[in-house]
Amino acid sequence: MSREDDPTGPVRDTTGTAAPGLLGRVPRDPSGVALVHQDRDITFGDIAALGEEVGGVLRDHRLEGRVVGVPADRSPEFVARIVGAWSAGAVPAILGDWGPERVRNALAAAGAAAAFGPSSTPAGLELLDTAGNDGVPPPSRLAGTDWADASHILFTSGTTGRPKGIVVGRAAFEAAGTSFFKALPMDESDRVAFLSRPGHDPSLRELIAPWLTGARLFIPDSRTAADARLMADWLAKQSITVLQGSPVLLQLMAGASRVPVDSLRLVCSVGARLTAAALRATARFAPRATIANCYGASETPQVVCMHLVPPGAGAAGEDPVPIGRPLDHAEVRIVPADGPEGRLHVEADACALGYTDGTPLPAPGHDGRRWYDTGDIVRRLPDGSMCFLGRADRQVQVNGTRVELDEIESTAARVAGVVDSVATFVEDSRGIGSVRLTVVRSPAAAVDGDTLHAVLSEHLDPAVVPSRIEVRDASPERDGWKQGPPAAAGDARREDRAATLRDVLDESARSALGRGDIDPDGGFFDAGFTSMSLMRFVSEVSVRLGTEISPVLVYRYPTLNAFAEHLRANLDEWA
């Protein structure tokens, strides 16, 4: 099938591939390679066999129409579990790389009847008490919704300290997937990287690409996926042609790559605002690629708007980078309609069914149709496309991961002795940001930062755990205590002038990594840092020093001592 073919049409017999729903729209040869993992070719037939084994286990436990937890990771087993759940008529609730408490809360929110263990134990299905196991599907908490209409459940941030489940419908997911691959055609010659964070909706586009387009999905090992230097080398070695990544990840790989990756023909920026700095870095990193700025949300449930930057044009990018126009399956509007700026609404047919707590997602509009208010403020550009300006609430994107600041505060309130708290978000001009938490404790409480960090790590997505936690014995003035728009890192007050540069680095490293005593002469990655935790470290250092620091520097100076010496030599006030 060529890139110009339309991957739509009637579902056809896929004997030998056992591909359900959307995945069965194009027949695939069972001997054709679908995935490449650790240099091992895995065929459509292999995935079908693994998926049938998973589906058989679910059917044996009478879990058709029930919610089943599936831990997300980069592995063939994860792909097979999703395919198997769909073929068995179950609804996979996709769980991120979270602590045990957050996983339990997510399963409870979804009313899951069972959950798989890690992919290293393929047969490890555990029946749960959250919804009973008598084979009778629980009544949906979404009025007028049948679980048979559901494709999967994703989780996002709420305001209560617990994850909020989003029930994605089959029709909307299939329409979004079809529309995406129509806008960005791929074929059997393409080699797609599975680098999006598992459990986030961009990773599902990578997962379904082999079935809809014939492209091969390349899965890196966990060490490669955690280190931007290894990622960049891996992309070149595998001759990857299609890549998705958050703007921060794209900048990290661009900085870590020794040479441009000329095999890339398509790079999709996903999960957060694409800044001009990130666009320019990506254009240098992938000079032959079209760069797609993809806009969407878990509720939409995939990309709804897209802006394409041709090869070579990204080097001249300026803020704000447009989010473009809606794809074929989606209709959007700006409210109010009589001005150039307003809140972006998406028509209900392109949206998820609702939330697992029963909260409906789209609301009726004055035109009698149902619309989802994204909470994003956009501007209509003269050519009819749009650009993203910011949020209308306290929801933020932390280097590609969405969180409500209220959720962080609610989680902190679980700790005995905490009487008040405020979470704030700081972001620099490149879109690299971090969350900071200030907590007020009662006079007799023995609350400290380590205790708070442990509780937050259990209940929150690790990507949004605050990079700095400050404990106070009294509240500041209430005016401005709750945050408005994100602050700029360069505008932040230089903190703790008495602290040495080394104090700042040590404290920031301990906070970002979640533990103390890091070898100052050992490599950051040897100490357990990943690309994302290094971003929290760099962001926090930038805030505390009051200046923007390039994340590339942690690769050029890969130990605390080397990094400190570079900063002393280049920052006059800390020399």
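The values are calculated or read from the model by the stated rules, or taken from the named source; none is laboratory data. Note that the structure is a prediction, hence the values are computed from the model and not measured. As a convention, Cβ positions derive from the backbone with ideal geometry for all residues, glycine included, and neighbour counts pool all protein chains shown. Quick note on the areas: whole protein, heavy atoms, side chains included, nothing else; ligands and nucleic acids left out. Shrake-Rupley method; radii C 1.70, N 1.55, O 1.52, S 1.80 Å.
Estimated at the nearest 10 Å², the accessible area of F524 is 10 Å² with a 1.4 Å probe.
Counting only protein chains, not ligands or nucleic acids, how are K237, K164, K182 ordered by accessible area (probe 1.4 Å), most first?
On the way: K237 150, K164 55, K182 105 Å².
So, going from the largest accessible area down, we get K237, K182, K164.
For G375, the amide hydrogen comes within under 5 Å of the amide hydrogens of L344, counting only partners 5 or more places away or on other chains and with H modelled in the peptide plane.
Backbone geometry of the range 430-440 corresponds, through the Karplus equation with coefficients 6.51, -1.76 and 1.60 at θ = phi - 60°, to 3J(HN,Hα) couplings of 8, x, 8, x, 8, 9, 10, 10, 10, 10, 9 Hz, x marking Gly and Pro. Database remark: amide H of F529 closer than 5 angstrom to no amide H (H placed geometrically; neighbours at sequence offset of 5 or more, or on other chains; Pro and chain starts carry no H). Once a ≥ b ≥ c are taken as the square roots of the eigenvalues of the Cα gyration tensor of the range 350-401, is the result rounded (a/c under 1.5), prolate (a/b larger than b/c) or oblate (a/b not larger than b/c)? Oblate. For V419, the residues whose modelled amide H falls within less than 5 Å of its own, excluding neighbours fewer than 5 places apart on the same chain, are V440, R441, S442.
Taking a sphere under 9 Å around the Cβ of F425 and counting the other residues whose Cβ falls inside, with K and R at +1 and D and E at -1, yields a net charge of +1. Surface composition of the chain: carbon and sulfur make up 50 percent of the accessible area, probe 1.4 Å. For the range 444-457, the Karplus equation 6.51 cos²θ - 1.76 cosθ + 1.60, evaluated at θ = phi - 60°, returns couplings of 9, 7, 9, 6, 9, x, 5, 4, 5, 4, 5, 5, 4, 5 Hz by residue, with Gly and Pro reported as x. Couplings 3J(HN,Hα) for the range 548-554, derived from phi with the Karplus relation 6.51 cos²θ - 1.76 cosθ + 1.60 (θ = phi - 60°), are 6, 10, 5, x, 4, 5, 6 Hz, where x marks Gly and Pro.
Give me the dipole magnitude in Debye, nearest 20, for the chain about the Cα centre, with unit charges on the beta carbon: positive for Lys and Arg, negative for Asp and Glu. Write down the numbers at each step before the final one.
Values: 58 positive and 76 negative charges, 115 e Å.
That gives a dipole near 560 debye.
For the range 401-478, the set of GluC sites (Glu not before Pro) satisfying both a DSSP loop assignment and a count of at most 11 other C-beta atoms within 10 Å is given as E477.
Could you tally the net charge around E206, taking each other residue with its Cβ under 14 Å from the Cβ of E206, Lys/Arg +1 and Asp/Glu -1? Write out the running numbers ahead of the final one.
On the way: positive: R74, R191, R197, R205, R216; negative: D73, D190, D201.
Summing Lys/Arg as +1 and Asp/Glu as -1 gives +2.
Just subtract the alpha-carbon distance of Y557 and V259 from 0.36 nm times their residue separation and send over the number in nm, one decimal. Before the final figure, lay out each step's value.
Values: separation 298, 0.36 × 298 = 107.28 nm, distance 1.85 nm.
Here the segment from Y557 to V259 would lengthen by 105.4 nm.
Restricting the trypsin sites (Lys or Arg not before Pro) of the range 507-547 to loop positions (DSSP other than H, G, I, E, B) with no more than 15 neighbouring Cβ atoms within 10 Å leaves R515.
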